[in-house]
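Structure first, then comments.
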Amino acid sequence: MLRRWVLRILIAVLAVVGLTILYMNMSAEQSVIRLHGHRYSTQIMQTPEELQQGLSGTKSLPQGNAMLFVFPSDDKWGIWMKDMNYPIDIVWLDNKRLVVYMVKNAKPSSYPDTTFRPDKNTRYVIELPSGTIEQTDIQIGDPAGLPSGV
């Protein structure tokens, strides 16, 4: 009798773990950016607090990862390197999701003197590991595939 209960509990735990892994994989798939033939797992920043925080204070941005900033309207949105610990590449997209401006290798030491700002109105910003723009040959005019709902 005790063995049956233990077996049932074990099966229930395995089912929960399996469903959790399945859900996480589905969620991760929804948070993917496609840019110039490459895919990046991404974290989406949309609230005012998230947009201000960004990657500040993080230790690294691993290859194959990105951060997507979704702004509430079109403007010349600036990006600073406040509390950053490593350089990044920055890509600005317009409301048609086309690359309109880029900064390669933005360094933490640029803060507080520099705010990186596009010369055109944009809606989205993608932050990538430093060197990504060059390694993947991202170009002005390239379309970006963003997660649905953004």
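Hey, which lysines would be in cross-link range of K120, C-alpha to C-alpha under 19 Å, not counting anything within fewer than 8 residues on its own chain?
K76, K96, K104
Check Y101: other-chain or 5+ apart residues with amide H under 5 Å from its amide H, H built from backbone geometry?
Residues meeting the amide H criterion: W92.
If the only charges are +1 at each Lys and Arg Cβ and -1 at each Asp and Glu Cβ, what is the size of the charge dipole of segment 39-150 around the Cα centre, to the nearest 20 debye? Mind showing how you got there, number by number?
On the way: 11 positive and 13 negative charges, 13 e Å.
It works out to roughly 60 debye.
Once phi is turned into ³J(HN,Hα) by the Karplus curve 6.51 cos²θ - 1.76 cosθ + 1.60 with θ = phi - 60°, what whole-Hz value does each residue of segment 53-65 show in order, with x for glycine and proline?
Residue by residue, segment 53-65 yields 6, x, 8, 3, x, 7, 7, 6, 10, x, 3, x, 10 Hz.
Quick note: the coordinates plus some simple rules give every number you see, no bench work behind them. No experiment lies behind these values; they were computed from the predicted model shown. In this analysis, Cβ positions are derived from the backbone assuming ideal geometry, glycine residues included, and neighbour counts consider all displayed protein chains.
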